[in-house]
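Some notes on the structure that comes next.
Nothing in this text is a laboratory measurement; each read-out follows from the coordinates by a stated rule. Quantities reported herein were computed from a predicted structural model and do not represent experimental measurements. Reconstructed Cβ throughout: ideal geometry from the backbone, glycine too, with neighbour counts over all protein chains shown.
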Amino acid sequence: MATAEFEGYDAKIAEALIKAHESAGGLPGYLGIRFESLTAGRLVATMAVRDELITPMGAIHGGVMAGFVDHTLGCVLYPLMKRGQWAATTEFKLNYLRAVKSGTLRAESTVLALGRRSAVVRVEVTNDGPLACVAQGTLLISDPPSSK
């Protein structure tokens, strides 16, 4: 899928996000999400499938995949937005295509549309090659509170 051209791409923000994910905390840190590349409208992230993420049925929990997708869905926008703005997922749809039992997940997040107040992003997740999940979501873009 071709990436659209976006004005205002900030490579410094992209570099900072990649660096921050080398030692991220919270859910991204627990999941072990790492950003491989972040260009204008495209993010590639990876995550190792670890034993503690596997359900008693033998595959990762759907919530693990949803967390991975949601994180990459929003982060792809930060180098495109004005400083101080933030993105919040308002909805996304996942299609789980195959059970993930081991290996590495690779998410490719692509901005399909970017407006002043919202964006639409598509994420494709592979598991050591085969497609494991596709998702598409809408995000609200908010300005920082104005200081008066």
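Quick notes on this structure:
- Taking the convex hull of the alpha carbon positions in the stretch 82-148 and averaging its projected area over all directions gives 5.7 nm².
- Extension gain (nm, one decimal) between Ser146 and Asn95, 0.36 nm per residue minus Cα-Cα: 14.5 nm
- Only alpha carbons enter this Debye calculation for the stretch 35-90, each as an equal point scatterer, and the log10 of I(q)/I(0) it gives at q = 0.31 Å⁻¹ is -1.24.
- The convex hull of the Cα atoms of the stretch 41-127, projected and averaged over all directions, covers 5.9 nm².
- Ratio Rg/Rh [Cα only; Rh per Kirkwood] for the chain: 0.98
- C-alpha long axis of helix 62-75 to longest principal axis of the chain, angle in °: 20
- Separation of the Arg116 and Ala48 label points, Cα + 7 Å toward Cβ, nm: 4.7
- Proximal lysine pairs, the chain, alpha carbons under 23 Å, eight or more residues apart or interchain: 4
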